[in-house]
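Written below as structure tokens is the structure these notes are about.
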Amino acid sequence: MAESSDQELLQDKSYEPRSLTDEEKLKLNENTRISDFQKENLEKNAKKNWDLFYKRNEDRFFKDRHWITREFSDLKDALSKISSQEGQMKVLEVGCGVGNLIFPLLEEEKGLFVYACDFSPVAIDLVKKHASYDVNRCLAFVADLTQGDLTSHVPPESIDIVTLVFVLSAIHPDKMVAAIRNIKQVLKPSGCVWLRDYGLYDHAMLRFQPSHKIDENFYFRQDGTRAYYFSLDTMRQMMADGGMTAEELCYVHRRTENKKEQLSVPRVFIQGKFIATAQS
């Protein structure tokens, strides 16, 4: 998972992936893959595995994402500008989990209405039970981006900003473009998508044993949840196939420090801003 109790310090942003040691290259070059039967089971049980995750952890696992408007440097300005020009701005938080992003955002920006969806019914139930959940400012609902239609809950072309934070990596690569097209349906022509996800050669990727490799850059955790690790080119092409153009896209390189265990490990994320591709 992306967040923990460890201290994460911003190092730099780059268009290049992290350099690997010879040992890391050897590990990644191993061609072991799980069987097709195991792959099918992971896909079939994807919702069940996330439900179990939230039943175990409830709202205790992830930190509140107060960093969102700091790390997305233009997001706070965009929120303020749209709110002042158009009244109540509408945000869609995709893969909202238990609300670690939406509740800090609602607290910070009073002119927002937030639609919040997640694959897991257990997560959505926890959002609705949160003390800060206000139906006048938030609508939380269960959605499978790869199959359902977001317009059954969100009016078409009504959303100013979509936040997509550590979400696409949990979806099978074959279904990611369908998810992007689903999101695009509800985005205003002038709207944008702010994204952060796992980057290629992140430390978490290199910790997986070969027996946990589903496919190239795609792994499963002990609890059955999955994670894909993106290169900039892969993300750019996937978003383009879904009808979105990258205005900004880079790697974010961090060091995660655990002073108690005297560990310092490299984390790699990707971060970007996307707009709907103009129709020719």
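The values are calculated or read from the model by the stated rules, or taken from the named source; none is laboratory data. None of these values were measured; they are calculated from a predicted model. In this analysis, Cβ positions are derived from the backbone assuming ideal geometry, glycine residues included, and neighbour counts consider all displayed protein chains. In case anyone asks, the SASA skips ligands and DNA or RNA and just uses the protein heavy atoms, side chains included. Shrake-Rupley method; radii C 1.70, N 1.55, O 1.52, S 1.80 Å.
Criterion first (of a type in the set (Gly, Ala, Ser) and open to solvent by 30 Å² or more (accessible area, probe 1.4 Å)) does Ser190 satisfy it? Yes: the conditions hold for Ser190. Within the range 1-15, restricting attention to residues that are in contact with a His (Cβ under 9 Å, 6 or more places away or on another chain) and open to solvent by 50 Å² or more (accessible area, probe 1.4 Å), which residue is modelled with the lowest pLDDT? Per the stated criteria, the residue is Leu10. Taking the range 177-187 only, how many residues are surrounded by 23 or more Cβ atoms within 10 Å (Cβ to Cβ) and either in contact with a Leu (Cβ under 6 Å, 6 or more places away or on another chain) or free of Cβ contacts under 8 Å to residues at least 12 places away in the same chain (or both)? So the count comes out to 1. Of everything in the range 98-132 that is at pLDDT below 90 and touching an Asp or Glu at 6+ places or on another chain (Cβ under 6 Å), the residue that is surrounded by the fewest Cβ atoms within 10 Å (Cβ to Cβ) is Pro104. For the range 188-210, the set of residues classified as in contact with an Asp or Glu (Cβ under 7 Å, 6 or more places away or on another chain) and either farther than 22 Å from Lys27 by Cβ or modelled with pLDDT of 95 or more (or both) consists of Lys188, Pro189, Gly191, listed by residue number.
Look at (1) in a strand (DSSP E or B); (2) of a type in the set (Val, Ile, Thr); (3) modelled with pLDDT of 95 or more; (4) surrounded by fewer than 20 Cβ atoms within 10 Å (Cβ to Cβ) and you find that Ile214 fails only one, number (4). When you look at Tyr228, is it of a type outside the set (Val, Ile, Thr), surrounded by 19 or more Cβ atoms within 10 Å (Cβ to Cβ) and in contact (Cβ under 8 Å) with a residue 40 or more places away in the chain, yes or no? In short, yes.
Whether a residue is charged (D, E, K, R) and out of contact with any Gly (no Cβ under 9 Å at 6 or more places or on another chain) was assessed, and Lys213 passes this test.
Candidates in the range 195-210 are the residues that are part of a loop (DSSP other than H, G, I, E, B) and within 24 Å of Ser35 (Cα to Cα); of these, the one that is most open to solvent (accessible area, probe 1.4 Å) is Gln209. With respect to (1) closer than 24 Å to Lys184 by Cβ; (2) modelled with pLDDT of 70 or more, the lone exception for Gln85 is condition (2). Out of Leu168, Leu164, Leu150, one residue alone is free of Cβ contacts under 8 Å to residues at least 60 places away in the same chain, under 23 Å from Gln237 (Cβ atoms) and open to solvent by less than 20 Å² (accessible area, probe 1.4 Å). It is Leu150. Residue count for the range 237-280 under the criterion of being under 21 Å from Ala178 (Cβ atoms), open to solvent by 70 Å² or more (accessible area, probe 1.4 Å) and touching a residue at least 24 places away in the same chain (Cβ under 8 Å): the result is 1.
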